[in-house]
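The structure appears right after this line, and notes come after that.
The values are calculated or read from the model by the stated rules, or taken from the named source; none is laboratory data. Values in this document were obtained by computation on a predicted structure and should not be read as measured data. No Cβ is skipped: glycine too gets one built from the backbone with ideal geometry, and neighbour counts run over all protein chains shown.
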Amino acid sequence: MALLLIASFSNASAQDKENPWMLTFGTNAIDISTASDATSGYFGSYKFDGNDVNVIPWLSRVSVGRYIGKGFGLELAGAMNKVDRPWGAGSDVTFFGLDLNVKYDLNNAFGQTGWFDPFVYAGLGENWVGSQNGLGLNLGAGFNAWISDNVGINFTSGYKKVNTPVDFKMFQHSIGLTWKLGNKDRDGDGVENKEDKCPDVTGLAELNGCPDTDIDKDGVMDCCDKCPEVPGLAEFGGCPDTDGDGTPDAKDKCPEVAGPKLLHGCPDKDGDGTADKDDACPDVFGPKTNAGCPFKDTDSDGVIDLIDKCVEVPGPASNDGCPVDPTNEVMDELNRYGKTILFDTAKATFKGEAINTLDTMVSILLRYPETNFVVEGHTDNVGTDRSNQLLSERRASAVRDHLVSKGVNPDRLKYVGYGESRPIDSNDTVSGRANNRRTEVNISN
């Protein structure tokens, strides 16, 4: 039944600032270490003679405690008993001790444990044993088992080392009833301190002990007003929302300009999800990844410059922003380069300066990975038809091989030689023959 009674008050707690005083009455038992204890130890049977534990089964220990703070308290305790004589021979002697101890509530370190309230203590005391007296060192532990908010059972056990003319050691154990005392309602408003949100100011029970005042006159009582000196809204605990956008000023990054909650109360004129204060283009929709600005699309083909492989020429996204087939202007550019490719005389090997020209042609062809091309070789009329035909084929093949080696798809690049059959100028002049010696790249069907 005792355990059931204690457990039913599991919400009772330790001595604290609301109940700073503690008064305990109880009985104590003492076991003094004597020469005869060398074999039997400190603890023997509960007898009133011999070298066993000495007990006075009535009121023999009184203590007064005062809570200091942060789990610490002071205790003044007095106890009396009749104990084994610590030195010499003879009958039991009267013992009286007066101790001043510092106590620490372990619940302060480990959290409240309801009715179970453990503690440790240490201190000093004056001890009178028979006609002798001396200072003693105290160390011990115990617990209070609370059976109501203010009443509990105290269990304490401690060690003492006493310095009398003959030093001795002892254990002292006690059990008693303990009371927590204090002012439960400091402001006298009928609301206990532990429930009173304004424990030092008289207030109303319906306001949890706080007065019915509203300094800023916003309709939110000061007891519940998080901003008691600034008018505000009840939904924000009495704090203001200056721009009326539903985000209280304390959380609003733009408190004087209305804006959505998602952007912490800041406006977004173009609705792109980037607040105007952070938007480099506040009037134009653009992604956050580009500071609220639209990505540049120079050729307006819907493929942004960032991923457009043909920034200045429109083309579908499926072709990385490049046209599927090159324009006439691009083909003219290719062939201007083709006409300047220089070969060694009567051979299909390139002169050194031709390599840069070929590499420029590669960069153009790579823009059109879906287009089929043909490399055409032409000569002037110097030499036989047969030799000119073979030379044009070898030179066209050499150009193709170089373009393929630089990444052009070989399946989309053919070559053909026309010899001297397709002149574009007169073979009767030096300049005319130079124009006829050429390499062209055209679209192949």
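The table that follows gives values for the structure above.
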read-out: Residue among 323, 314 that alone is surrounded by 15 or more Cβ atoms within 10 Å (Cβ to Cβ), in contact (Cβ under 8 Å) with a residue 24 or more places away in the chain and in a loop (DSSP other than H, G, I, E, B); value: 323
read-out: Strands (runs of 3 or more DSSP E) completely within segment 55-117 that count 1 or more residues being over 60 Å from the mean Cα position of the chain (by Cα); value: 72-83, 93-105
read-out: Per-region count, segment 8-25, residues assigned to a loop (DSSP other than H, G, I, E, B) and either at pLDDT 70 or above or over 16 Å from residue 70 (Cβ atoms) (or both); value: 8
read-out: Residue in segment 86-98 that is modelled with pLDDT of 85 or more and aliphatic (A, V, I, L, M) present; value: yes
read-out: Some residue of segment 252-263 being among the small types (Gly, Ala, Ser), surrounded by 13 or more Cβ atoms within 10 Å (Cβ to Cβ) and either touching a Leu at 6+ places or on another chain (Cβ under 8 Å) or not assigned by TED's automatic domain parsing to the domain that holds residue 16 (or both); value: yes
read-out: Per-region count, segment 378-417, residues polar (S, T, N, Q) and part of a helix (DSSP H, G or I); value: 6
read-out: Hey, residue 125 within 18 Å of residue 167 (Cα to Cα), part of a strand (DSSP E or B) and not polar (S, T, N, Q) or not; value: yes
read-out: Segment 244-290, subset of a type in the set (D, E, K, R), under 25 Å from the mean Cα position of the chain (by Cα) and not in a loop (DSSP other than H, G, I, E, B), residue nearest to residue 225 (Cα to Cα); value: 261
read-out: Search result, residues across segment 402-431 that are over 24 Å from residue 328 (Cα atoms), touching a Ser or Thr at 6+ places or on another chain (Cβ under 6 Å) and either surrounded by fewer than 16 Cβ atoms within 10 Å (Cβ to Cβ) or of a type outside the set (Asp, Glu) (or both); value: 419
read-out: Looking only at segment 150-164, and only at residues there that are among the hydroxyl-bearing types (Ser, Thr, Tyr) and under 15 Å from residue 28 (Cβ atoms), the one that is surrounded by the most Cβ atoms within 10 Å (Cβ to Cβ); value: 156
read-out: Residue 334, sole failed condition from (1) over 30 Å from residue 368 (Cβ atoms); (2) part of a helix (DSSP H, G or I); (3) of a type in the set (A, V, I, L, M); value: (1)
read-out: Filtered residue count, segment 53-85, keeping only those that are modelled with pLDDT under 90 and buried (at least 19 other Cβ atoms within 10 Å of the Cβ); value: 4
read-out: Matching option when the condition is surrounded by fewer than 18 Cβ atoms within 10 Å (Cβ to Cβ) and either in contact with a Leu (Cβ under 8 Å, 6 or more places away or on another chain) or closer than 30 Å to residue 223 by Cα (or both), among 189, 167, 200, 196; value: 200
